[in-house]
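Taking it in order: structure first as structure tokens, then the write-up.
We did not get these values from a lab; they are worked out from the coordinates using the rules stated. Everything quoted here is computed from the prediction, not taken from an experiment. Methodologically, a virtual Cβ is constructed for each residue, glycine included, from the backbone with ideal geometry; neighbour enumeration extends over all protein chains shown.
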Amino acid sequence: MPVASFHEYARNLSDDLHETLRSGQAKTLALEVDQRSVTRGQISGLLTFEDHSELHFREFIDVSQPEPKLAFAYHYQGAERELIFRYDDAAHRPTLVMYPHKHIEAAVAECRVPTLMDVIDEILKRREL
């Protein structure tokens, strides 16, 4: 659902993350919100799960744009700090022709731009296996 301000976007995201904590699906949350204007800002943080796996996330948002997520990274790693998967839109060297993309172990695949809650749902489904 479109939002009118970065503050509203950040509040909605914070509410979703805190609900994940309240439900017991995650253990701890560190969240940083850096509002840069009425429509722009950055959200970053760390969500830790009971098995000590971690989701590091970062979004740069401009809600005045048709696609408000200008840049993002969602890095999920295991308790031993090994990469499980990472979504991002970062430029690489050598250059990748895929934007956005998902890293899974040594492979890279094209993907759609996920929401943070899509990524959390993917993590929770993996943990159920």
### Message
At 0.36 nm per residue, and after removing the present C-alpha to C-alpha distance, how many nm does the segment from residue 80 to residue 125 gain when stretched out fully?
### Response
14.2 nm
### Query
Modelled label-to-label distance, residue 48 and residue 107, 7 Å Cα→beta-carbon offset: nm?
3.2 nm
#### Entry: Cut-off 15 Å between beta-carbons: net charge of the residues surrounding residue 100, Lys and Arg +1, Asp and Glu -1
-2
### For the chain, calculated [θ]222 nm from helices alone, where every DSSP H run of n ≥ 4 adds -39500 (n - 2.57)
-7500 deg cm²/dmol
### Query
For residue 11 and residue 115 in one chain, what is 0.36 nm times their gap in residues minus the Cα-Cα distance, to one decimal in nm?
36.0 nm
### Task
Could you size up the charge dipole of segment 6-128 around its Cα centre, putting +1 on the beta carbon of Lys and Arg and -1 on that of Asp and Glu, and report it in debye to the nearest 20?
200 debye
### Summary
For segment 77-88, Karplus-derived ³J(HN,Hα) couplings (6.51, -1.76, 1.60; θ = phi - 60°; whole Hz; x for glycine and proline) come out as 10, x, 4, 8, 6, 7, 5, 9, 7, 8, 9, 6
### Message
Kirkwood Rh and Cα-based Rg: tell me the resulting Rg over Rh for the chain, rounded to two decimals.
### Response
0.97
